[in-house]
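These notes concern the structure reproduced below.
The values are calculated or read from the model by the stated rules, or taken from the named source; none is laboratory data. From a predicted model like this one, the values you see are computed outputs, not experimental measurements. Ideal geometry is used to build each Cβ from the backbone, glycine not excepted, and the neighbour counts take in all protein chains shown.
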Amino acid sequence: MRDQDTWVERVNTRLDQFITDRESIVREVSPDLEPFLEFSREFLSGGKRFRARCALLGYGTQHESTPDHVIDVASALEIFHAAALVHDDIMDKSDTRRGAPSAHRRFEKLHRESGWAGTSEDFGTSSALLFGDLLLAFSDELFSTGIAAETNRPAVRASRIEFDRMRIDVTAGQYLDIVEERAWPVIDKLDALTRAQRVVVYKSAKYSIEAPLVIGAALGGATPEQLESLRAIGLPLGIAFQLRDDLLGVFGDPAVTGKPAGDDLREGKRTVLIALAQQELPATDIRLMDELLGDSDLDDSQISMLQATLTNTGAVDKLEEVIEQQVVLAQKAIASAGFSELATQGLTQLAALVSQRAS
């Protein structure tokens with residue numbers, strides 16, 4: 001893993017090259033598809049390349065150098081992530097992503113400025129759905145290109161199986177998230193925490209860290225035992241990563257998160273944080289919280305009140321404890337995995353990054 005410092009640069013270069021190579025294909029269909037190319041470049045630019053780095057860390061448990069075809073696989077995960085965000089923003093009716101307009105809002109603006117028939121909202125939603133689908137197709141194409149260059153065919157099959165399973169898990173988790181946002185009136189509050197934890201695992205934890213680590217390691221020829229070690233590392237880190245994101249969705253600085261403060265409250269996210277808080281609240285306060293959650297018109301004072309409630313119930317402190325517990329589980333799994341010193345160092349750094357407290 002001596003070339004780890006160049007990973008992000010190589011992934012950025014590959015993504016830019018991939019979109020450039022697809023320009024002629026898309027333009028050949030119609031010049032009206034130009035926004036798809038423009039938005040693809042914008043949505044795939046920048047970022048920490050977190051999932052790509054995890055895939056490359058996984059591969060690095062087996063090899064010290066990183067060939068180009070592995071960069072292809074890691075880059076494909078970044079495109080998949082972009083597609084998931086496009087679809088997620090549609091479902092959440094989010095206005096922004098990383099401090100800029102979300103995809104469906106960009107298509108709405110295109111409709112308004114072009115003077116077309118129909119409503120901008122309908123056009124924006126439909127176009128963004130197709131844009132996300134195009135990104136999914138791009139992701140699969142680049143992943144297939146990457147694994148085709150690998151000569152270890154059993155490793156190729158193993159990596160492909162993990163990639164396909166990741167996509168199933170994310171789709172299932174996304175649906176469970178939608179269910180939780182709408183089924184809460186008939187859900188027993190005693191079950192709320194378990195249900196919220198399941199969403200964390202399948203919507204985010206597996207595909208954010210566990211799946212990329214395993215996909216990369218499988219492509220590198222990892223043994224079944226090594227893959228299980230990476231699952232034992234990746235899943236708790238993925239859970240911690242998402243729980244940290246849930247905190248940022250309520251308390252995060254918009255300048256850092258690229259989202260309005262308290263955005264998850266306006267979207268009605270039934271997170272582990274909410275479930276922990278409601279375990280400590282009397283029935284009247286639970287009803288008030290339920291009435292406020294999901295109200296897109298919540299003002300700053302209502303957001304502040306909900307934030308104070310989450311803090312005063314001890315839910316924030318409890319969530320920080322859960323995050324720390326998950327990181328400790330991962331650290332123990334790293335220590336016992338038996339990977340090389342370089343690989344162990346990279347995984348340890350990943351755990352440290354995930355454990356950072358929200359500012």
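Identify the residue in the range 194-231 that is of a type in the set (D, E, K, R) and farther than 22 Å from GLN349 by Cβ and, among all such residues, is nearest to the chain's Cα centre (by Cα).
Restricting to residues being of a type in the set (D, E, K, R) and farther than 22 Å from GLN349 by Cβ, the top hit is LYS203.
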Looking at ASP188, ASP169, ASP122, ASP164 in this structure, which one is closer than 14 Å to ALA84 by Cα and of a type outside the set (Gly, Ala, Ser)?
ASP169
So THR284 fits all but one of (1) free of Cβ contacts under 8 Å to residues at least 40 places away in the same chain; (2) within 19 Å of ASP317 (Cα to Cα); what number is the exception?
(2)
Checked against (1) surrounded by fewer than 16 Cβ atoms within 10 Å (Cβ to Cβ); (2) farther than 30 Å from ASN152 by Cβ, THR20 satisfies every condition except (2)
For ASP72, state whether it is crowded, with 19+ Cβ neighbours inside 10 Å, acidic (Asp, Glu) and in a helix (DSSP H, G or I).
yes
Evaluate the following for LEU176: is it under 30 Å from GLN279 (Cβ atoms), in contact with a Lys or Arg (Cβ under 7 Å, 6 or more places away or on another chain) and either outside the structural domain of ILE25 (by TED's automatic domain parsing) or free of Cβ contacts under 8 Å to residues at least 24 places away in the same chain (or both)?
yes
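Can you give me the ranges of the helices (runs of 4 or more DSSP H) entirely in the range 132-236 with at least 3 residues that are at pLDDT 95 or above and of a type in the set (S, T, N, Q)?
Those helices (runs of 4 or more DSSP H) span 153-183.
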Single condition GLY118 does not satisfy, out of (1) assigned to a loop (DSSP other than H, G, I, E, B); (2) small (Gly, Ala, Ser); (3) under 26 Å from ALA172 (Cα atoms)
(3)
Is the range 326-346 home to any residue that is among the charged types (D, E, K, R) and under 24 Å from the mean Cα position of the chain (by Cα)?
no
Take ARG270 and tell me if it is of a type in the set (D, E, K, R) and either in contact (Cβ under 8 Å) with a residue 40 or more places away in the chain or in contact with a helix residue (DSSP H, G or I) (Cβ under 6 Å, 6 or more places away or on another chain) (or both).
yes
Considering only the range 71-88, state which residues are more than 16 Å from ARG51 (Cα to Cα) and over 12 Å from the mean Cα position of the chain (by Cα).
none
Across the range 93-123, what is the total count of residues that are buried (at least 19 other Cβ atoms within 10 Å of the Cβ) and of a type in the set (Asp, Glu)?
1
